[in-house]
Structure formats: C-alpha cells, structure tokens
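A short worksheet on the structure shown next.
The values are calculated or read from the model by the stated rules, or taken from the named source; none is laboratory data. Since this is a predicted model, take the numbers as computed values, not measurements. Glycine also receives a Cβ, built like all others from the backbone with ideal geometry; neighbour counts cover every protein chain displayed.
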Amino acid sequence: MLYTLTTNPAIDMNVSTRGIVPGAVNRTFDTVYTPNGKGLNVSFVLNHFGVPSRILGFFGGFSGDYIVSESQKKGIEVLPVMVEDTTRINIFLNDGTQEFKFVNEGSLVTKENQTQMLEQLRSLTDMEYLSISGSLPKGITPEYYEEILSICAEKKVKVILDISAPKLKELLEYRPYLIKPNDEELEEIFGLTVGGGENIGEIMDVLHEKGAQNILLTLGAHGSYFSNGEAIYYASAQPVQLRSSACAGDSALAAFMSVWLEHPEGIEEALKKSAATGANVAESDAIGDLKNVEAYMKNIEVRKVR
C-alpha cells in the first residue's frame, strides 16, 4: 500500500476578481474551497487514476475536520493525528492577468503529536511506499524527517520525497526511491543550475551519487526529466493558460507514480501522463476535473537524452 504524508495540510481558497484597487471593496467571484496539502493532492490524483493510497497527516480545528471529511468522501482512508491548533487556510487570488498567493505558516504540532505519528508509522504493516510532500508546520524541525526515514529504512519502505527544505540534501543519504525537485529547488538546495539542459547529465549524476535512486525533475513550461541512474529521458510540456500553479507539481508526481510504480519500464507513458496532468491542473482551480489529460498526452513528446 502507498501512504502519503502531509505534515502541513491546508484548505485552499481559489478566488477571482476583476482587478485589485487599494482601499476599495474588491468584489470576488468563482470562489472554490478545496482540501489541500501536497501529499493530499498526490492521494487525490492517484485516486482519480485508480491507484489506492492512504492519507497521513496532522489536522486540527474546523478546517482540519473539513479536510479529513472531504478526503473520506472521495473514498480515501485517512489516518489523522489530531492537533489542538487550527489547520491553515491559503488564498490564491487571480485578478484576470496575474496570480497572487497568500500562504499561511500552519498549525502548531507538538512533540506529543509528532511521537503519535512516528508510532503510527511503526505500526503500519502494509506500507510499501511512503510519499512525503510539502513544508513543515510550527513545532517540527527538519530533523524530524530523519526520524521518519529511519523508520522507513528499518521497515524497508520505499520513500518518495517532494520537499523543498535544505534538509533534502542530507536526506539523500537514506537513498530515497524517488525525489521530485524543480529547477528552483535544485539551485537553492544543491547549487545546481539547469540552464538550457546541456548539463542535465551532470546534474543527475550528482544527485544519484548523493543517494537518490530515481529522479523526476520538473521544469514547469520547460518540460521535465527523469533519470533512473542508467538512462535519462526528457518530456516536453503542454502549453496552457495559467489559472493556478497550486497543485500542479503534486499532481504531476502522482500521475507519474500511477504508472511507474507498478511498471518501472513504462517511463514514456509515465512522463506523458505526468506532463499532461500537470498542465491540466495548472489551467484549473485546485486539481480540477482532469478531463484534458488523455488529449494532452497525445501532444507530449518523450525522448531519451542519455
């Protein structure tokens, strides 16, 4: 069974307005509330593609209850650790030409809550994969990742990491099964710049040498790369009108895993589904309906670059 862990979930409020005027009453429309958090998005998209998973995370207050109940309505089992603080609400506002992101820091997770989660991870007997995504909330230090990965190493669980913390550099020592950095994270965490892609082989070699077994590198409108340590593949991007970038990267990861985890030889199909899904989500509020994925897959070109 695949489990997803979101330490800092949220409700996302996607809202539109026709321009923003300081000091005036700015009327909004098309408001959409969705349960969110990077690991949650992974589970939602996996569920859409018929791949089961279970959700782990810290939830609190009315907003935490909403996320748990909405996830259960989708038919996904949630194993929550409940906290006293209220789960955050983020706002993504589109004024017709630009997107503005207002992201809160999240609820406080106590040491007792953290211990609860570690004990829960130790108790799971069917966990084959653990996908860890997103930021850390108040109360949790980056060293918490090491405690989680140590448990996974003991249980021989394959770990998928999609985190932007500098700690990622050290966590590669645990040989995660798959990591999904983007170009900004590559530069900020590892000091590596993609540029035009001529040095992609060197970049992948560095990450593999540090411990990553497989790498999905997403570059937004510039496509994506995948490396398994033996070969490197490039997938083009599907041009779309950006609605909201929230959820796009998480959805692309989930779409890739929906094919690749079961069929690691199916890299081309996995990359096409990943790129098509990320594009479809980027032109939608939250994850959207994913109705354009199959059509977009036909437009994605995948080629082996090494």
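Quick notes on this one:
- Members of segment 194-244 that are out of contact with any strand residue (DSSP E or B) (no Cβ under 9 Å at 6 or more places or on another chain) and β-branched (Val, Ile, Thr): Val206, Val240
- Pairs meeting the criteria (first residue in segment 17-42 and in a loop (DSSP other than H, G, I, E, B), second residue surrounded by 12 or more Cβ atoms within 10 Å (Cβ to Cβ) and of a type in the set (A, V, I, L, M), beta carbons under 7 Å, at least 6 apart or on different chains) are Asn26/Ile20; Gly37/Ala10.
- Set Thr115, Thr125: member being farther than 30 Å from Asp285 by Cα, part of a loop (DSSP other than H, G, I, E, B), over 21 Å from the mean Cα position of the chain (by Cα) and modelled with pLDDT of 95 or more: Thr125
- Subset of segment 181-196 (residues that are assigned to a loop (DSSP other than H, G, I, E, B) and surrounded by 15 or more Cβ atoms within 10 Å (Cβ to Cβ)): Pro181, Leu192, Val194
- Single unsatisfied condition, Gly61 versus (1) on the phi > 0 side of the Ramachandran plot; (2) buried (at least 23 other Cβ atoms within 10 Å of the Cβ): (2)
- Matching strands (runs of 3 or more DSSP E) fully within segment 43-101 where at least 2 residues are farther than 29 Å from Val240 by Cβ: 53-59, 77-82
- Filter result for Lys73 (within 20 Å of Thr28 (Cβ to Cβ), exposed (fewer than 13 other Cβ atoms within 10 Å of the Cβ) and either charged (D, E, K, R) or modelled with pLDDT of 95 or more (or both)): no
- Neighbours by Cβ (under 6 Å, 6+ apart or cross-chain): first from segment 94-115, on the phi > 0 side of the Ramachandran plot; second assigned to a strand (DSSP E or B): Gly106/Arg88
- Single residue of segment 141-180 satisfying the filter (among the β-branched types (Val, Ile, Thr), under 17 Å from the mean Cα position of the chain (by Cα) and outside any loop (DSSP other than H, G, I, E, B)) that is surrounded by the fewest Cβ atoms within 10 Å (Cβ to Cβ): Val159
- Any hit, segment 204-211, residues being assigned to a loop (DSSP other than H, G, I, E, B), closer than 20 Å to Lys38 by Cβ, of a type in the set (Gly, Ala, Ser) and in contact with a Pro (Cβ under 9 Å, 6 or more places away or on another chain): no
- Pairs are defined by a Cβ separation below 8 Å, a sequence spacing of at least 6 or placement on different chains, a first member in segment 47-75 that is without any contact (Cβ under 8 Å) to a residue 12 or more places away in the chain, and a second member that is assigned to a helix (DSSP H, G or I) and surrounded by fewer than 18 Cβ atoms within 10 Å (Cβ to Cβ); no pair meets this definition.
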